[in-house]
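**Q** Structure provided below as structure tokens; questions to follow.
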Amino acid sequence: MPVRTLPPHPNLDHLKHQAKDLLKEHAARTQEAAQRLREFHPRFRGASDAEILDAPLGLSDAQLAIARESGFPSWTRLKRHIERPTVSDRLDLPHHQRIEDELFRRAVDLLDAGDAPGLRTHFEKHPHLASQRVVFEGGNYFRNPTVLEFIAENPIRHGALPANIVEVAKVILDAGASPIARNEALGLVSTGRVPRECGVQRALIDLLCDYGADANTAARAAALHGEFEALNTLLEHGARMDLPLAAALGNTEDARRLLEASSGEDRQLALSLAANFGHVQIVRLLLDAGEDPDRYNLAGHSHSTPLHEAALNGHEEVVRLFLERGARTDLKDILWHGTPADWAYHSGKSEVEALLRNHDARTNKNPTRNSTSV
């Protein structure tokens, strides 16, 4: 689930009230509270709604969930960010400007300039930089990167990459980037818009995999982001085809073959991906197998349901199938509190919006538009 980005001047008392509200929602046994705790409290990762709602929950648990929902590892770190901010806490700045370590910042500057010889010399003088990490908090990802992860321009900082970024990446890899950093960089490259638009996504994937990055670690992320060229490249490098990947690609035969042996989590993720990309036959296959269309998604838009995904992208045939199977149209996403009809409105899918609102009117559900959704 995307984190709730803090406002420019966050108020700790307001965040304390949010934690108390989460306690109340948990006591009321809401599906939304269960999803938020599953997503942001380590103790509940992978737990069912019933297991989460039956478990005792204290104020410290709720505060931890609120902190992680805001992009911080703990309530203590969130409190420090508000009470004693430093340059690294400037969420309004691009990441390279938030780096406080001068040597690390110099390495990123050389990377951004495409100065491969200068970067090689810098690493020779300061070999520890190849494995050093910096800490960024308050965001969805990119929280603890090494220099290598900056090759992906993901998150976007400049909107472009140097023409010789593959050569620059090789310099960093030769300097001793760790296996974990290689996998993290592979995930960022495979899901990044800028590497694709600059025409270097495949070359960077090839390079990282040649240096030992595991294609499996990035495949699902590429599928969730709709980066299908990257996904196919990862499959060429040995990524394992599974049910979620088949669902994202619309490969019905593979989906049918893989369904029986797939876990419940894989089936749920596959339903989300098939709905997102409009693969109605795979949606039908999963619903026939007993998948619940009213559960919140496991990844990506995990604050929403598969019907939200289909509505957002205007997949009318998928939406009609969900309606035929009794999917709830009144469930609201957790971040913006919008219904699937609101999501269709937000993305300009007027026919799907009308379909959903007419359905709500016939079934006596509230068809009022929430224009702030998504």
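**Q** For a distance above 15 Å, tell me the whole-number percent of Cα pairs in the range 57-99 that qualify. Walk me through the numbers before you get to the answer.
**A** On the way: 433 of 903 pairs.
More than 15 Å apart: 48 percent of the Cα pairs in the range 57-99.
**Q** Express in nm, to one decimal, how much length is gained between Phe142 and Ser350 on full extension, taking 0.36 nm for each residue of separation and deducting their alpha carbon distance. Let's see the in-between values first.
**A** Details: separation 208, 0.36 × 208 = 74.88 nm, distance 3.57 nm.
Stretched out fully, the Phe142 to Ser350 stretch lengthens by 71.3 nm.
**Q** Once you've got the GNM for the chain with C-alpha springs shorter than 10 Å, pick whichever of Ala361, Ala311, Ala175 has the biggest mean-square fluctuation.
**A** Its mean-square fluctuation being the largest, the pick is Ala361.
**Q** Who wins for biggest fluctuation among Gly300, Gly290, Gly338 in a Gaussian network model of the chain, springs between alpha carbons below 10 Å?
**A** For the chain, modelled as a Gaussian network with Cα springs under 10 Å, the answer is Gly290.
**Q** Taking N as the number of residues in the range 82-240, what value does Rg over Cα atoms divided by 2.2 N^0.38 Å take? Walk me through the numbers before you get to the answer.
**A** Values: Rg = 15.0 Å, N = 159, 2.2 N^0.38 = 15.1 Å.
Normalised by 2.2 N^0.38 Å, the Cα Rg of the range 82-240 equals 1.00.
**Q** If you take the square roots of the eigenvalues of the alpha-carbon gyration tensor of the range 134-195 and sort them as a ≥ b ≥ c, do you get rounded (a/c under 1.5), prolate (a/b over b/c) or oblate? List each step's numbers first, then the result.
**A** Numbers: a/c = 1.79, a/b = 1.12, b/c = 1.60.
It comes out oblate by the Cα gyration axes.
**Q** Considering only DSSP states other than H, G, I, E and B, which GluC sites (Glu not before Pro) in the range 263-333 qualify as loop sites with at most 10 other Cβ atoms within 10 Å? Walk me through the numbers before you get to the answer.
**A** Details: sites: Glu265, Glu291, Glu309, Glu316, Glu317, Glu324; in loops: Glu291.
Passing sites in the range 263-333 do not exist.
**Q** Hey, rough spin-label estimate for Arg80 and His337, points 7 angstrom out along Cα→Cβ, what's it come to in nanometres?
**A** Once both label points are built, they end up 3.4 nm from each other.
**Q** Averaged over all directions, how much area does the convex hull of the C-alpha atoms of the range 244-362 cover when projected, in nm²?
**A** Values: hull surface 25.5 nm².
About 6.4 nm², averaged over all directions.
**Q** Based on the mean of other beta carbon atoms within 10 Å per residue, what is the order of 45-53, 273-281, most packed first? Mind dumping the intermediate values first?
**A** Values: 45-53: 14.2, 273-281: 24.2.
For the peptides 45-53, 273-281, the packing ranking is 273-281, 45-53.
**Q** Counting pairs of alpha carbon atoms under 8 Å apart in space and at least six apart in sequence, what relative contact order in percent does the range 1-150 give? Each step should come with its number before you reach the end.
**A** Numbers: 154 pairs, mean separation 32.8, N = 150.
Here the relative contact order equals 22 percent.
**Q** Modelled label-to-label distance, Asp92 and Met241, 7 Å Cα→beta-carbon offset: nm?
**A** Between Asp92 and Met241, the label points sit 5.1 nm apart.
**Q** Turning to a different aspect of this structure: Which residue fluctuates the most in the chain, going by a Gaussian network model with Cα springs under 10 Å, if the choices are Ser131, Ser302, Ser272?
**A** Of Ser131, Ser302, Ser272, the most mobile in the Gaussian network model is Ser131.
**Q** For n ≥ 4 DSSP H runs only, could you compute -39500 (n - 2.57) per run for the chain, divide by its residues and tell me the 222 nm figure to the nearest 500? Spell out each step's value before the answer.
**A** On the way: 21 runs with 204 residues, N = 374.
After summing the helix terms and dividing by the residues of the chain, the value is -16000 deg cm²/dmol.
**Q** If R₀ is 45 angstrom, what is the calculated FRET efficiency for the pair Arg362 and Arg257, using the beta carbon separation as r and rounding to 0.05?
**A** Details: r = 39 Å, r/R0 = 0.86.
With R0 = 45 Å, the Cβ-Cβ based efficiency is 0.70.
**Q** Something else now. Across all directions of projection, what mean area in square nanometres is found for the Cα convex hull of the range 12-85?
**A** Answer in nm², one decimal: 4.4.
**Q** A further question follows. With Cα extents along the principal axes in Å defined as stated, name the option among (1) 70, 52, 37; (2) 78, 46, 33; (3) 69, 48, 37 computed from the structure displayed.
**A** Given (1) 70, 52, 37; (2) 78, 46, 33; (3) 69, 48, 37, the structure-derived one carries the label (1).
**Q** Which shape class applies to the range 193-315: rounded if a/c is under 1.5, otherwise prolate when a/b exceeds b/c and oblate if not, where a ≥ b ≥ c are the square roots of the Cα gyration tensor eigenvalues? Working shown, then result.
**A** Details: a/c = 2.27, a/b = 1.61, b/c = 1.41.
Taking the square roots of the gyration eigenvalues as a ≥ b ≥ c, the range 193-315 is prolate.
**Q** Taking Cα atoms, how many degrees apart are the long axis of helix 264-277 and the longest axis of the chain, rounded to 10 and kept between 0 and 90?
**A** Orientation of helix 264-277: about 90 degrees from the principal axis.
**Q** Under 14 Å from a label point 7 Å along Cα→Cβ of Glu197: give me every residue in the range 131-168 with its amide N that close.
**A** 153-162
We did not get these values from a lab; they are worked out from the coordinates using the rules stated. Predicted, not measured: the structure shown is a model, and the values here were computed from it. So basically every Cβ, Gly included, is an ideal-geometry build from the backbone, and we count neighbours across all protein chains shown.
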